[in-house]
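The values are calculated or read from the model by the stated rules, or taken from the named source; none is laboratory data. Computed from a predicted model, the values in this text were never measured in an experiment. Don't worry about glycine lacking a Cβ; one is built from the backbone with ideal geometry, like all the others, and counts go over all protein chains shown. Please note that ligands, DNA and RNA were not included when accessible areas were found on the heavy atoms of the full protein model with its side chains. Shrake-Rupley method; radii C 1.70, N 1.55, O 1.52, S 1.80 Å.
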Amino acid sequence: YREYLTISLFDVDALFVCLNYTLISVLEKEFNREITEIYIISNKHNTVLYIGVTSHLVQRIYQHKEKLIEGFSKQYNLFKLVYFELYDDMESAILREKKLKRWKRDWKNELISIVNPSWKDLYPDII
C-alpha cells in the first residue's frame, strides 16, 4: 500500500508528459534521444488491463489494435491505450513496468483515472 502512495516527482512529471506526447516527440527528434514508454491498454469495457514497455509507442499500439501481436492482448481483445509514461532509458521504464504489474487493480484504475478520467482511447492523440 505504501508503494502506491509514494509518488516521486518523476511520476508527476510523467503524468504531465502523458498529455503532451507530441511535444516530447519533437524534443526526441531535436535532441536525437530515444524515449521509452510504458503503456497500459484495455478492452472495450475496461475489464482487463495489460502493461507493456516499448520504444515505439505509436507502432506498438497499432500492432495491438490490428491484432498483430500474439498473446495476452490478442486473446483478451486489448486495443485501447488508456495510459502511458515516458522515460529516457529502457532500464527505468522496465523497472516502472514491473512495479506497476505488482500493483493492485484498484491502484492501476486510480492511476489511469487521474490522467484519463473517461478512459478514452489516447491513441488518436499521439498519432
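Which count do you get for residues in region 98-120 that are under 22 Å from His56 (Cα atoms) and either open to solvent by 20 Å² or more (accessible area, probe 1.4 Å) or outside any helix (DSSP H, G or I) (or both)?
The qualifying residues number 7.
Confirm whether Tyr50 is open to solvent by 50 Å² or more (accessible area, probe 1.4 Å), in a strand (DSSP E or B) and modelled with pLDDT of 95 or more. Before you say what the answer is, go through the steps one by one.
Details: open to solvent by 50 Å² or more (accessible area, probe 1.4 Å): yes; in a strand (DSSP E or B): yes; modelled with pLDDT of 95 or more: yes.
Taking the combined requirement at face value, the residue satisfies it.
Can we say Ile94 is within 24 Å of Ser113 (Cβ to Cβ) and part of a helix (DSSP H, G or I)?
Here the answer is no, as Ile94 does not meet what is asked.
Test of understanding: among Ile35, Ile41, Ile114, which residue is at pLDDT 95 or above and of a type in the set (A, V, I, L, M)?
On the way: Ile35 fails: at pLDDT 95 or above; Ile114 fails: at pLDDT 95 or above.
On inspection, the qualifying residue turns out to be Ile41.
Do you know which residues across region 114-127 are out of contact with any helix residue (DSSP H, G or I) (no Cβ under 7 Å at 6 or more places or on another chain) and over 21 Å from His64 (Cβ atoms)?
Pro117
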